[in-house]
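Quick notes on the structure that follows.
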Amino acid sequence: MLTGAALIVGFVAWDHHASNPLMKLSLMRNPSFAANVPALLMLNFSMYGIIFIMSAYLETVTSHGAFVGGLLLMPLVVASIVGSLCNGQATSWIGYRGASLLSLIMLAAGMAAMGGGAFLGDTVVGWILLITGQAVAGLGLSAGQPAMLTWAMSTMPAEHSGSGSSLLTVFHQFGSIIGVGIFGSISGGMYATRFQSDASAAAAGTNPGHLTSAGSVNLDFQQAQRLTGQAAETLRTVAAKAYESSMLASFLIAALVIAITTTAVAAISRKHNLHD
């Protein structure tokens, strides 16, 4: 990580003094363009984080398998399609800035709803929150990207359009990396902590060695398949509850990060409200 950080700093310094820079970081002086960098980053951060966290829950914890688990992600997909179709109408009503901010607000709300739904587990209210959260987040994802890109590029001189587009793409794709990394770290840490705290109490009447986590919810459910009777059921219950708690923490933290980003985007761009 230190080597990577050093290389990034070196690249920025070299590119800044190059006669024909690969990335025109000076474009970040434009408030409307700069506001869209964290906004676009949050889109991929959210999308990859949702898929990373939700897949294990829908396939493993709820015991639906890969096919049904994939189908249970359809609210996110369908809402994304609907959101892309509604983008033009949204920007005509509230402008590019308004549509961009609204999409981030919807992402934060969707994250919070999904976290609450997972925490409530296999209940009617839990599934309603989970599906609703996916739909709201999906609308935010698809409505936000074209609005943000158009908003950012509409402030660029024509001769800088290529540099501006590539710079936005870099940060957009960077969001997918930190999305998986941050969601994975938070979820993994919270899962291990909750598993350990519940294991002693849940191990009553079983061999405590059976309640040693293998490191992830998928591995723990595989481990439970090799056990029989109460020991297997106890391990599955502890693993499921631990993962549901980790999902709640992950999605609430993500919602908070997106809310802070939304505030920053609004502050940076408050004097550059385009309503074209």
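Here are a few things to note about the model shown:
- The residues of the stretch 33-70 that are part of a loop (DSSP other than H, G, I, E, B) and either at positive phi or open to solvent by 60 Å² or more (accessible area, probe 1.4 Å) (or both), listed by number, are Ser63, His64.
- Test set (1) surrounded by 14 or more Cβ atoms within 10 Å (Cβ to Cβ); (2) assigned to a helix (DSSP H, G or I) - Gly88 fails condition number: (1)
- Considering residues of the stretch 130-161 that are β-branched (Val, Ile, Thr) and more than 30 Å from Leu58 (Cα to Cα) only, the residue least open to solvent (accessible area, probe 1.4 Å): Thr155
- Complete set of residues in the stretch 234-270 that are among the β-branched types (Val, Ile, Thr) and in contact with a helix residue (DSSP H, G or I) (Cβ under 9 Å, 6 or more places away or on another chain): Thr234, Thr237, Val238, Ile253, Val257, Ile258, Thr261, Thr262, Val265, Ile268
- Single unsatisfied condition, Arg97 versus (1) in a helix (DSSP H, G or I); (2) of a type outside the set (Val, Ile, Thr); (3) in contact (Cβ under 8 Å) with a residue 40 or more places away in the chain; (4) over 17 Å from Met42 (Cα atoms): (4)
- Among the residues listed as Ala113, Ala147, the single one being without any contact (Cβ under 8 Å) to a residue 40 or more places away in the chain and assigned to a helix (DSSP H, G or I): Ala113
- Tally, over the stretch 1-42, of residues that are touching an Asp or Glu at 6+ places or on another chain (Cβ under 8 Å) and among the small types (Gly, Ala, Ser): 0
- The lone exception for Met23 - which of (1) open to solvent by less than 70 Å² (accessible area, probe 1.4 Å); (2) in a helix (DSSP H, G or I); (3) touching a residue at least 12 places away in the same chain (Cβ under 8 Å) it fails: (2)
- Looking only at the stretch 178-199, and only at residues there that are under 15 Å from the mean Cα position of the chain (by Cα) and free of Cβ contacts under 8 Å to residues at least 12 places away in the same chain, the one that is farthest from Leu41 (Cα to Cα): Ser185
- Residues (in a loop (DSSP other than H, G, I, E, B), among the hydrophobic types (A, V, I, L, M, F, W, C) and buried (at least 16 other Cβ atoms within 10 Å of the Cβ)) located in the stretch 213-238: Leu227
- Test: residue in the stretch 35-49 that is of a type outside the set (Gly, Ala, Ser) and over 15 Å from the mean Cα position of the chain (by Cα): yes
- The test for being at pLDDT 90 or above and surrounded by fewer than 20 Cβ atoms within 10 Å (Cβ to Cβ) holds for Ala109.
The values are calculated or read from the model by the stated rules, or taken from the named source; none is laboratory data. This structure is a prediction, so every number in the text was calculated from the model and none was measured. Neighbour counts run over all protein chains shown; Cβ positions are idealised from the backbone, glycine included. Heavy atoms of the whole protein, side chains included, go into the accessibility calculation; ligands, DNA and RNA do not. Shrake-Rupley method; radii C 1.70, N 1.55, O 1.52, S 1.80 Å.
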